[in-house]
Amino acid sequence: MNADTATAPPSALPIAVAIVEDEREVRQRFEDAVRAHPRLSWQFSAGSVSEAMALVAQRQADVYLVDLGLPDRDGRDFIRWLVRQCPDALPMVVTVFGDDEHVLTSLEAGAMGYLLKDSPSSEIAGRIVELFEGGSPISPSVARSVIRRFVKPAAGAQEPPEDNPLSQRELEVLRLIEKGMTYDEVAQVLALSWHTVTAYLRRVYRKLQVHSRGEAVFEARQRGIL
């Protein structure tokens, strides 16, 4: 290692990427995307969990693209193993599965991002950089599905108190506001316009007799609505 390399800032160093994918064409597409990006450096590719584990012992990467449907074991098993062996590693799922169960269990396993395989190669390369720089990239359709899961009451959940003055839609808006979302983000998740979201919030303020987002969340919690 020369002096220039030793003193180079982290942002100037290439981001080492490993690919764990059993489909040859898909694996090649990911490799080409990594090689074509100036910030990325291809480290290795593996077609199974066992092969990936053996390669990690030889040369670790910064970011790992991991498929879930691998021939020997589930990709989530590799992610769990990886975060135990390499706490600084950044695993990101790239898969065809976009349902809530696969997404949530992957995140619980330690995945820091979740992309669908139909994402353009150039986008995947950019998302790798985003992940390395502190982001948690998730395909938009997947993100909306997951957020809706938290907005909708769980099956068998206790009904809101009888003195709850809010409509179901007003409650959905308030739940998203409680999570720290902006008006634009709430509008996108609920497929509403920005003006409609603000109109719902005005009704919430009036019904709860408050004057701000923070007061609305606090009052709803005090009443057992949230």
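Using DSSP, restrict attention to beta bridges with both residues in the chain and report what percent are antiparallel, rounded to the nearest 5. In the chain, DSSP labels about 5 percent of beta bridges as antiparallel. Distance between the modelled labels on Ala54 and Ser121, one decimal in nanometres: 2.8 nm (7 Å Cα→Cβ projection).
The residue among Pro165, Ser136, Pro91 whose Cα reaches farthest toward the positive pole of the charge dipole of the chain, with charges on the beta-carbon of Lys, Arg, Asp and Glu, is Pro165. Using equal-weight Cα scatterers in the Debye expression, the normalised intensity of the chain in log10 at q = 0.09 Å⁻¹ is -0.50. Where only DSSP H runs of four or more residues are counted, the chain gives -15500 deg cm²/dmol as its mean residue ellipticity at 222 nm, each run worth -39500 (n - 2.57). Shape verdict for segment 11-127, please, from the Cα gyration tensor: rounded (a/c under 1.5), prolate (a/b greater than b/c) or oblate. Rounded.
Compared with the dominant Cα axis of the chain, that is its longest principal axis, helix 75-85 is turned about 80°. When only alpha carbons are used to place a centre, segment 33-106 and segment 167-220 end up 38 Å from one another.
Values in this text are rule-based calculations from the coordinates and carry no lab data. Bear in mind the structure is a predicted one, so any value in this text is a computation, not a measurement. As a convention, Cβ positions derive from the backbone with ideal geometry for all residues, glycine included, and neighbour counts pool all protein chains shown.
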